[in-house]
Amino acid sequence: MSSGPASEKRAAIFDLDGTFVDTAEDLAAAMNHALADAGLAAVDPGAVRGLVGSGARAMLTRGFAIAAGRAASEGELDAGMDVFLDYYGAHIADRSQPFDGAVAFVESLREAGWAAAICTNKREKLARMLLSALGVDALFDTIVGADTTYAKKPDPAPVRLCLDSVGAASGVFFGDSDTDIRAAEAAEMPCYLASFGYGPLTLRGRATRLFDSYDDAARLFREEGLA
């Protein structure tokens, strides 16, 4: 990979869940395990799929509301999160896999001189555990999670930290949700949006490009002379 000055170096910054890795089944399993521990019935994973990018607590909050028919107390959520995180950490890659073509796409960008980063609303420790379990952690020059800096997406702070960490002055953000679009906009960065991700995508018209697969993303990059 190129080691030129920041004025020349570019960074490809990827959201994790729903963009680079398909994690929905393992996250839903952890949520339902936490609900079962609270004496509640399992929830259809599709009912919380759109909350993946907002973090585990948002998923558990919605799951509890569906299963219990009421809002959870903060104490119930705190206890549920402990159970969720313990279970998820032990089963973090039972069914999760990078989306088709994702690894090859990042490899091609690195060969073209791009730095690569993960910017996720998953806790940094869990993001690192997941990427390591999948054997793809070495693809990324830096990993920024929800707790790495003082704010999480859609605040631009984690996106800018990715740029600073790899010594890049500019970049492209790859995401799958309104949160990612807003974070990229706040960081004044183009956003490529994965149509196959978890969403929600009510702001899709504000994305720079929409891609249906990583082969499609590679084609768009070639057409625009980016790689």
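Miscellaneous remarks
Yes/no per residue for (1) more than 23 Å from A218 (Cα to Cα); (2) assigned by TED's automatic domain parsing to the domain that holds E188; (3) in a helix (DSSP H, G or I):
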{"position": "D100", "(1), (2), (3)": "no, yes, no"}
{"position": "A104", "(1), (2), (3)": "no, yes, yes"}
{"position": "A117", "(1), (2), (3)": "no, yes, no"}
{"position": "A127", "(1), (2), (3)": "yes, yes, yes"}
{"position": "D155", "(1), (2), (3)": "yes, yes, no"}
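- Qualifying residue in the stretch 70-93 (condition: of a type in the set (K, R) and crowded, with 16+ Cβ neighbours inside 10 Å): no
- In the stretch 129-153, residue surrounded by the fewest Cβ atoms within 10 Å (Cβ to Cβ) [restricted to those that are outside any loop (DSSP other than H, G, I, E, B) and touching a strand residue (DSSP E or B) at 6+ places or on another chain (Cβ under 8 Å)]: D137
- As a summary of the residue check, A71 satisfies the conditions (1) of a type in the set (A, V, I, L, M, F, W, C); (2) more than 23 Å from the chain's Cα centre (by Cα); (3) in a helix (DSSP H, G or I) except for the one numbered (3).
- Single residue of R110, R95 found to be part of a loop (DSSP other than H, G, I, E, B) and either in contact (Cβ under 8 Å) with a residue 40 or more places away in the chain or over 19 Å from N32 (Cα atoms) (or both): R95
- Residue in the stretch 49-63 that is hydrophobic (A, V, I, L, M, F, W, C), over 20 Å from the mean Cα position of the chain (by Cα), part of a helix (DSSP H, G or I) and not assigned by TED's automatic domain parsing to the domain that holds L201 present: no
- Residue in the stretch 30-48 that is at pLDDT below 90 and more than 26 Å from I118 (Cβ to Cβ) present: yes
- Looking only at residues of the stretch 176-227 that are touching a Lys or Arg at 6+ places or on another chain (Cβ under 6 Å) and in a helix (DSSP H, G or I), we find that the one that is surrounded by the fewest Cβ atoms within 10 Å (Cβ to Cβ) is L220.
- Sole residue being crowded, with 23+ Cβ neighbours inside 10 Å, touching a residue at least 12 places away in the same chain (Cβ under 8 Å), in contact with a Pro (Cβ under 8 Å, 6 or more places away or on another chain) and among the aromatic types (F, W, Y), chosen from F105, F173: F173
The values are calculated or read from the model by the stated rules, or taken from the named source; none is laboratory data. Computed from a predicted model, the values in this text were never measured in an experiment. Using ideal geometry, Cβ is built from the backbone for each residue, glycine included, and neighbour counts are taken over all protein chains shown.
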